[in-house]
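Step one of this worksheet: look at the structure below.
The values are calculated or read from the model by the stated rules, or taken from the named source; none is laboratory data. Quantities reported herein were computed from a predicted structural model and do not represent experimental measurements. Cβ placement follows ideal geometry from the backbone for every residue including glycine, while neighbour counts extend to all protein chains displayed. For accessibility, only protein heavy atoms count, side chains too; no ligands or nucleic acids. Shrake-Rupley method; radii C 1.70, N 1.55, O 1.52, S 1.80 Å.
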Amino acid sequence: GDHLKVCSQGYTCCSQEMEEKYSQQSKHDFRNAVVELSNHLQTTFSSRYKKFDEFFKELLENAEKSLNDMFVRTYGRLYMQNSELFKDLFVELKRYYVGGNVNLEEMLNDFWARLLERMFRLVNPQYHFTDEYLECVSKYTEQLKPFGDVPRKLKLQVTRAFVAARTFAQGLAVARDVVSKVSAVNPTPQGTRALLKMMYCPHCRGLLSVKPCYNYCFNVMRGCLANQGDLDAEWNIFMDSMLLVAERLEGPFNIEAVMDPIDVKISDAIMNMQENSMQVSQKVFQGCGQPKTLAQGRAARSLSDGGFNSRFKLYNPEEQPTTAAGTSLDRLVTDVKEKLKQSKKFWSSLPGNICNDEKMSVGTVNENECWNGSAKSRYDFAVTGNGLASQVNNPEVEVDITKPDMVIRRQIMALRVMTNKLKNAYSGNDVDFIDISEESSGEESGSGCELQQCSPEFEFNATEVTGSSNKSNKNVNTSAATRSSLSQAALLLSILFLAMQRQWR
């Protein structure tokens, strides 16, 4: 066996060509094992994102249809003449959900101001109002509260519910993309040597049925997945934040509970305006001046054509549209919460899950009758810890702990950015939308993108990255005290370069 580069150079069944083929096969087996275990997780987040996305969009469609049908029946031509006002409201709500640059509070304020202008004309058809006069009317909205307390309550409910819904859906998409990106593993040359030695070198000794010792497999996998291990802490915090927002979606920020009766709430506001129209008009006339009266003939036509004397009918529960996406928000959230809990500690459990895989079958091996890297015997080395810094003492895989995988570092930062947004959404604060880019960056975990499976990478604001990268460096320095100052500087420069790249776009 003098010709062998990795396997034992004693008597052997392997040629140099066989050893090379085994090397490629061990790399292939390892990558497939990671992908197979990750695919289930990725599919889980992908399918849940799709379900939530369909549900939220259909919920908006149903709410708009319900409002339109009921207002047509109640107000007829009067509503049809002013329907674009309500159509615009739903256009803006949909635009916000899909990532448009919409300030919900300003948009809702504008809706009520426009509704007040329309209704003020309708309840005072005998007068002519200029645009300047109507602008003056809208200034009295806060003071007069013509729609009662409905606008204030609805604004609070809509803003919180939409922020939570949009952020939660984005969180599912980010989880899906992180798994896709991180699971595309390309082992280093040192990792490939360790995999070959563990998986196929026994074959060269004629030990075809002997499986690797469990702790031996654990050390090899933790060495090959050192960078993935560093993802675990941030991943778990991210999962906890998703669970917190999920609880909000079940409770006070339930978008279904806000959108289903939105037509009734708007009708209540219109009724308030009708009932208080005389007092509201008198106070406006005092503040904005007495408007000009229309000519007698025109005033009569205006009263007959557009007089606002209809009253909104009470909402009939039987008229409620079919539940969005054939399910309810409660059922969706209950399902996804269970999946989120199961996904915690995925990355730290990955080495053990690979070793316990049926193809490896190492979990059932007698500790004295297993392959320890050189013979069929007991494995005496202790199991090394998770993460890059812990591999300094790994007896099986030579890992350069001063060179973290930049693809995975970017995913850690992306998780931090998303976690921060989830915390804001949990508190009811609006958050910036994360743009999910459709372009592949052509990078993959490891030394190159050989699998051609690089997934789209999401973008995030440079200001956020800079802020979170400081925390990232602090954590990395704490966990890896042995890294040299030169490598730390290189890492910082790389992060700054990524942040600047985003700004240049």
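Results for (1) part of a strand (DSSP E or B); (2) open to solvent by 20 Å² or more (accessible area, probe 1.4 Å); (3) modelled with pLDDT under 90, shown as yes or no for each residue.
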| site | (1), (2), (3) |
| --- | --- |
| 336 | no, no, no |
| 348 | no, yes, no |
| 367 | no, yes, yes |
| 381 | no, yes, no |
| 398 | no, yes, no |
From the options 281, 302, residue that is in a helix (DSSP H, G or I), at pLDDT below 90 and not acidic (Asp, Glu): 302
Which one of the conditions (1) farther than 30 Å from residue 354 by Cα; (2) surrounded by fewer than 23 Cβ atoms within 10 Å (Cβ to Cβ) does residue 249 fail to meet, given that it meets all the rest? (2)
Within region 178-206, the residues that are among the charged types (D, E, K, R) and open to solvent by 10 Å² or more (accessible area, probe 1.4 Å) are 193, 197, 205
Under the condition of being surrounded by 17 or more Cβ atoms within 10 Å (Cβ to Cβ) and modelled with pLDDT of 85 or more, which residue from region 354-365 is nearest to residue 229 (Cα to Cα)? 354
Go through region 98-108 and report how many residues are part of a helix (DSSP H, G or I) and among the aliphatic types (A, V, I, L, M). 3
Quick check: is even one residue across region 269-284 under 30 Å from residue 425 (Cα atoms), in contact (Cβ under 8 Å) with a residue 24 or more places away in the chain and under 37 Å from the mean Cα position of the chain (by Cα)? yes
Residue by residue through region 400-430, note down the ones that are open to solvent by 20 Å² or more (accessible area, probe 1.4 Å), closer than 22 Å to residue 251 by Cα and hydroxyl-bearing (Ser, Thr, Tyr). 426, 427
Within region 7-97, which helices (runs of 4 or more DSSP H) (wholly inside it) include 2 or more residues that are open to solvent by less than 60 Å² (accessible area, probe 1.4 Å) and touching a strand residue (DSSP E or B) at 6+ places or on another chain (Cβ under 9 Å)? 16-75
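The rows are residues; the columns are (1) in contact with a Cys (Cβ under 8 Å, 6 or more places away or on another chain); (2) under 15 Å from residue 277 (Cα atoms); (3) at pLDDT below 90.
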residue: 76; (1), (2), (3): no, no, yes
residue: 79; (1), (2), (3): no, no, yes
residue: 96; (1), (2), (3): no, no, no
residue: 101; (1), (2), (3): no, no, yes
residue: 107; (1), (2), (3): no, no, no
residue: 135; (1), (2), (3): no, no, yes
residue: 142; (1), (2), (3): no, no, yes
residue: 145; (1), (2), (3): no, yes, yes
residue: 148; (1), (2), (3): no, yes, no
Looking at residue 20 and the list (1) modelled with pLDDT under 90; (2) in contact with a helix residue (DSSP H, G or I) (Cβ under 8 Å, 6 or more places away or on another chain), which single condition is not satisfied? (2)
Among the residues in region 166-188, are any part of a helix (DSSP H, G or I) and over 21 Å from the mean Cα position of the chain (by Cα)? no
Tell me, yes or no, whether region 105-117 has at least one residue that is over 30 Å from residue 281 (Cβ atoms) and surrounded by 20 or more Cβ atoms within 10 Å (Cβ to Cβ). no
List the number of the failed condition for residue 210; all other conditions in (1) open to solvent by 40 Å² or more (accessible area, probe 1.4 Å); (2) over 38 Å from the mean Cα position of the chain (by Cα) hold. (1)
